[in-house]
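Worksheet: one structure, shown below.
Every read-out reported here was derived from the displayed coordinates using simple, explicitly stated rules and does not represent laboratory data. Note that the structure is predicted; figures quoted are calculated from it, not measured. Using ideal geometry, Cβ is built from the backbone for each residue, glycine included, and neighbour counts are taken over all protein chains shown.
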Amino acid sequence: MTKQLCVIHANCQGEPLLERLMVSPEFTARYDCRLFTNYIREPIPGGVLERCGLFLYQHLGKEWGELSSEFLLSRLPRSSLSLCIPNMFFLGYWPFWSGDPGFDYRDSVLEELIAGGLSGEEVLTLYMRSSLAAKHDLAALLERTFRLERERESHTPVKYVDIIERDFRKERLFNTVNHPGPKLLNHAAAGILSRLDLEAPESVHAMPDAFPEFELPIHPQVAAFHGLHFVGSDTEYEVYGRKKTFAQYAANYIEARLAGIEDFISYLQLR
């Protein structure tokens, strides 16, 4: 049987999802796949979508122009199948995360303290010991996170937010805000296969962590407020080949910011 072209338009979750789809012999026998990364605005060359048999995509709005889902779908042949796939994101463990450019894993509370002109030791002490719940409505921030994720989920028939709401306290479901753990990635892959009327092998549900190199540490106060069973003040996280507690990670963050270092990932790899 001649294989059909499958085009996947997704963020960093696209590659591990493809690895899981390829575990299915039926999927592998039916499709040859090409992956295009959406967040770096990788262009899809002319003629690719026009001969596509299956288009798997994460929803992008009209503001993305020629990379918007609406525009890309308009390029498909009538015979092509298309499926919007999950784009999983979670701020529940990291309510102060900021996507502002210029520094990876930016934390808005730390940024405010650093901007106050305090020493690194003073910033770290205030960040660790001051009551976050007294200054920030952590319950409202979590509610907002789930509201936004429900909106994101509304674009795909493969549902996953119920799993996050049910299990986020008892097990770590994300390594960073946009790096889901194996439970969610395996669930999403099985759901995609099901929507394609393909059986998901049991091995799909046993696939390992796709992003093991970095676990964004969780503030112990956030963990205590939400009752996260897997986090304590001495919990160690995988940080680019080293184990660090949250306090050690926060100290590295402060050091880098005060030193004017912008490439925080490279800094962490050397610390």
Which of (1) 38, 20, 17; (2) 29, 21, 16; (3) 41, 18, 16 gives semi-axes √(5λ) of the Cα gyration tensor in Å as computed here? It is (1)
Trypsin sites (Lys or Arg not before Pro) in segment 33-68 lying in a DSSP loop, each with at most 12 other Cβ atoms within 10 Å of its Cβ, come to ARG41
Diffing segment 247-255: the Karplus 3J(HN,Hα) column from phi (6.51, -1.76, 1.60, θ = phi - 60°), in whole Hz with x for Gly and Pro, holds 4, 5, 4, 4, 5, 4, 4, 5, 4
Segment 26-107: relative contact order from alpha carbon pairs under 8 Å, six or more residues apart, as a whole percent, is 23
Counting only Cβ distances under 4.7 Å between cysteines, those in the chain with no partner are CYS12, CYS52, CYS84
Calculated from DSSP helices alone, with each H run of at least 4 adding -39500 (n - 2.57) and the total divided by the residues of the chain, [θ]222 nm to the nearest 500 comes to -11000 deg cm²/dmol
XL table LYS135/LYS159; LYS159/LYS244; LYS183/LYS243; LYS135/LYS170; Cα-Cα > 28 Å flagged, in table order, is LYS135/LYS159; LYS159/LYS244
Longest principal axis of the chain (C-alpha) makes with the long axis of helix 120-129 (C-alpha) an angle, in degrees to the nearest 10, of 80
Under 5 Å from the placed amide H of LEU81, counting only residues 5+ away or on other chains, we find LEU54, PHE55
For GLN4, the residues 5 or more places away or on another chain with a placed amide H closer than 5 Å to its own amide H are TYR31, ASP32
For the chain the mean separation of alpha carbon contacts under 8 Å (6+ apart) over residue count, i.e. relative contact order in percent, is 19
Log10 I(q)/I(0) at q = 0.15, 0.23, 0.32 Å⁻¹ for segment 134-176, from Debye over equal alpha-carbon scatterers, is -0.44, -0.91, -1.15
